[in-house]
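**Student:** The structure that follows is given in the form of structure tokens.
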Amino acid sequence: MQPKPIRALSRGLAVLAALNRHGAASVVTLARETGLSRATVYRIMQTLLEEDYVARGTSEDRFILRLRVRELSEGFEDEHWISTVAKPALVALTARILWPSDLATLEGTRMIIRDTTHRIAPFSIDRGMVGRRIPPLTSTLGIAYLAFAPEAERRALLRLLAASDDPLDAMARDTAGVARLLSATRRRGYGIRPGGQPPWPHTASIGVPIRVGGRVLGTINAVWMARVLGKEEGIRQCLGPLQETAQEIEAGLAAGMG
């Protein structure tokens with residue numbers, strides 16, 4: 001006699017698979033994708049929380065995978081280090097500088113904001129940053145990525161951007177100008193976006209890479225209101241703590257991979 005499948009386990013795996021596809025998702029999204037009721041998904045997520053397979057994201061109704069899912073599969077995606085290594089460091093950074101910080105990774109030809117402290121930063125005026133897709137040459141997150149990425153990857157990405165018909169990528173066709181920008185970024189060790197520039201003219205920011213084993217896994221920034229702090233004062237207040245935070249994340253990642 002063939003044993004009957006355990007439906008509860010099947011449902012839990014379906015929810016876990018759906019969350020893995022999204023990276024971060026709400027109960028509403030997971031219920032819609034799996035066809036399960038919200039109440040069922042809530043119970044499953046509570047179980048996964050207690051077993052340490054998931055964590056709450058940047059808002060109470062969103063969930064993200066934790067590193068423990070590596071025990072289940074080698075298919076664990078690099079981005080999930082964000083919840084266990086990077087997020088606590090970003091929260092601590094914001095507690096020091098009071099300004100918000102974002103973390104982004106590259107997806108295709110866009111930087112995707114994966115986590116942010118805008119919600120908890122005392123001096124933040126922006127919300128809803130998670131999930132935003134940013135052209136690399138319009139933000140310090142992208143400029144820091146391009147400047148410090150391995151040369152072959154940088155060249156390939158710049159070729160794709162130069163071939164794009166998106167006006168926000170047009171700068172990539174100025175090869176000499178981009179080369180000067182990225183060279184200056186590498187020399188100083190960080191990217192900078194002064195106030196008054198799109199896409200957020202009301203803010204200024206600096207950004208640095210997160211590097212492990214020769215790869216740039218992502219970038220983090222510090223953002224301040226341009227009418228409150230000038231460029232030099234913003235750098236003075238934020239650069240040291242931002243660089244220390246990047247080093248802390250890199251050390252945590254290196255320890256986890258060892």
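**Student:** May I ask you to list the residues in the range 190-240 that are under 21 Å from Ala92 (Cβ atoms), over 18 Å from the mean Cα position of the chain (by Cα) and either aliphatic (A, V, I, L, M) or surrounded by fewer than 19 Cβ atoms within 10 Å (Cβ to Cβ) (or both)?
**Tutor:** Selection gives Leu229, Ile235, Arg236, Gln237, Leu239, Gly240.
**Student:** Now for a separate question. Search the range 92-117 for residues being farther than 20 Å from Arg62 by Cβ and assigned to a strand (DSSP E or B), and hand back the single one that is least open to solvent (accessible area, probe 1.4 Å).
**Tutor:** The selected residue is Arg110.
**Student:** Condition first: on the phi < 0 side of the Ramachandran plot and surrounded by fewer than 14 Cβ atoms within 10 Å (Cβ to Cβ). Now tell me which residues in the range 25-41 satisfy that.
**Tutor:** Residues satisfying the conditions are Val28, Ser37, Arg38, Ala39.
**Student:** So Pro167 clears everything in (1) over 27 Å from Arg236 (Cβ atoms); (2) in contact (Cβ under 8 Å) with a residue 24 or more places away in the chain except one condition, right? Which one?
**Tutor:** So the condition that Pro167 fails would be (2).
**Student:** Of all residues in the range 42-86, count the ones that are among the β-branched types (Val, Ile, Thr) and either modelled with pLDDT of 90 or more or exposed (fewer than 14 other Cβ atoms within 10 Å of the Cβ) (or both).
**Tutor:** So the count comes out to 2.
**Student:** Output the residues belonging to the range 214-233 that are out of contact with any His (no Cβ under 9 Å at 6 or more places or on another chain) and touching a residue at least 60 places away in the same chain (Cβ under 8 Å).
**Tutor:** Within the range 214-233, Gly214, Arg215, Val216, Leu217, Gly218, Thr219, Ile220, Asn221, Ala222, Trp224, Val228 qualify.
**Student:** Taking the conditions exactly as written (free of Cβ contacts under 8 Å to residues at least 24 places away in the same chain and charged (D, E, K, R)), does Arg193 satisfy them or not?
**Tutor:** Here the answer is no, as Arg193 does not meet what is asked.
**Student:** Here's another thing I want to ask about it. Whether any residue in the range 140-159 is surrounded by 23 or more Cβ atoms within 10 Å (Cβ to Cβ), assigned to a helix (DSSP H, G or I), among the hydroxyl-bearing types (Ser, Thr, Tyr) and in contact with a strand residue (DSSP E or B) (Cβ under 6 Å, 6 or more places away or on another chain) is what I want to check.
**Tutor:** Among the residues of the range 140-159, at least one is surrounded by 23 or more Cβ atoms within 10 Å (Cβ to Cβ), assigned to a helix (DSSP H, G or I), among the hydroxyl-bearing types (Ser, Thr, Tyr) and in contact with a strand residue (DSSP E or B) (Cβ under 6 Å, 6 or more places away or on another chain), which makes the answer yes.
**Student:** Go through (1) modelled with pLDDT of 80 or more; (2) open to solvent by 50 Å² or more (accessible area, probe 1.4 Å); (3) assigned to a helix (DSSP H, G or I) for Ile120 and report which single condition fails.
**Tutor:** Every condition holds for Ile120 apart from (3).
The values are calculated or read from the model by the stated rules, or taken from the named source; none is laboratory data. Just so you know, these numbers come straight off a predicted model, no measurement behind them. Cβ sites come from the backbone with ideal geometry, for glycine too, and all protein chains shown count toward neighbours. To get the accessible areas, we keep the full protein, side chains included, count just its heavy atoms, and leave off ligands, DNA and RNA. Shrake-Rupley method; radii C 1.70, N 1.55, O 1.52, S 1.80 Å.
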